[in-house]
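Okay, structure first, notes after.
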Amino acid sequence: MEPRTRRLAWVEALVRWPHPDLTPHPATGAPGLLPPDEFIPLAEQTGLIGPLTRWVLDAALRQVGAWERAGLSLGVEVNLSAWDLHDPGLPAAIAEWLAAHGVAPARLRLELTEGTLMADAARSLAVLSRIAAMGVRLAVDDFGTGYSSLAYLKRLPVDELKIDKSFDSAMATDAADAAIVASTIGLGHSLGLRVTAEGVEDHATWERLAALGCDLAQGYYIGRPLPPDELGPWLDASPWTVAPSSLGAPP
Ligand code: MN
């Protein structure tokens, strides 16, 4: 969401596991949802994160293509894991899904944490350069919680910093967190990057981010995670707007 315009431009794909062993939803009877922190680490340990990331990318791009054809023009952000940088077929697979679902590359942004980017910097640069050359965007996720080499960050083809929610959620009450957020927005803009605040939960934080010139915000203040088919009805009932449909990249 853009604080300046109150316009929804991007969504982040978040995976949930409807699990048969969990208590179903009391009203709808839908299966209970296993949160990602209970299965993503297992998927990473077993290598199943590779097929899982591929499934999420395919599903997310299919959904964005369907929304576009329904007149809802959005980009989607998908989280990658360190394992995914070792998947040599991933760039070609992404190109195939973009084409199959009729989605412009600039409408996909892949998110990588500082730890993932810096763990194997040479490999990150090689793989991400191939993906960026296709026109797909790249973001540093949870920025401020890991170790980024600024010299290296400058060389990576990223175009967005996502400020970790621990700073944003406390910035309205904690002067140090507010200073970190303000200086990260300044750093990002000086490097020509877009800056997103994660974990925005209240109006005071939203207003401060808008005043600081933060490009995008996400978090419970704007909306809670929801299934894709509920996005349209949620948007209709919300104070937010969407960009008019266009085939270019959302801002
Ligand atoms: Mn993320």
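The values are calculated or read from the model by the stated rules, or taken from the named source; none is laboratory data. A quick note: this is a predicted structure, and the numbers were derived from the prediction, not measured. With ideal geometry, Cβ positions are generated from the backbone for all residues, glycine too; neighbour counts draw on all protein chains shown. These area figures cover heavy atoms from the full protein model, side chains too; ligands, DNA and RNA do not enter into them. Shrake-Rupley method; radii C 1.70, N 1.55, O 1.52, S 1.80 Å.
Here are the numbers:
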read-out	value
Choice from Thr173, Thr205, Thr241 with maximal GNM fluctuation in the chain (Cα, 10 Å cutoff)	Thr173
Relative contact order (percent, whole number), region 1-123, Cα cutoff 8 Å, 6+ residue spacing	24
The chain, relative contact order [Cα under 8 Å, separation at least 6], %	21
Whole-percent carbon and sulfur share, accessible surface of the chain, 1.4 Å	59
Residue-count net charge about Gly188 - beta-carbon cut-off 9 Å; Lys, Arg +1, Asp, Glu -1	-1
Equivalent ellipsoid, region 157-251 (semi-axes from 5 times Cα gyration tensor eigenvalues, Å)	24, 18, 11
Estimated [θ] at 222 nm from DSSP helical runs (n ≥ 4, -39500 (n - 2.57)) normalised by residues in the chain, nearest 500	-11500 deg cm²/dmol
Interatomic Cα distance distribution for region 110-190, bins of 5 angstrom, percent	3, 15, 25, 23, 16, 9, 5, 2, 0
Largest-first principal axis extents, alpha carbons of the chain, Å	45, 44, 39
Accessible solvent surface per residue of the chain, calculated while the other protein chains remain in place, 1.4 angstrom probe, Å²	48
Rounded to the nearest 20 debye, dipole of region 96-198 from Cβ charges on Lys, Arg, Asp, Glu	500
Rounded to the nearest 20 debye, dipole of the chain from Cβ charges on Lys, Arg, Asp, Glu	800
Equivalent ellipsoid dimensions for region 17-94 as semi-axes, Å, which come from the Cα gyration tensor, largest first	25, 22, 8
Under 12 Å, Cβ to Cβ, from Trp17 - net charge with Lys/Arg +1 and Asp/Glu -1	-2
FRET efficiency, 1/(1 + (r/R0)^6) with R0 45 Å, evaluated for Thr46 and Arg4 via beta carbons	0.55
Beta bridge orientation in region 1-116: antiparallel %, DSSP, nearest 5	35
Charge tally in the Cβ shell below 12 Å around Thr53, where Lys, Arg are +1 and Asp, Glu are -1, Thr53 excluded	-4
Counting DSSP beta bridges with both ends in the chain, the antiparallel % (nearest 5)	15
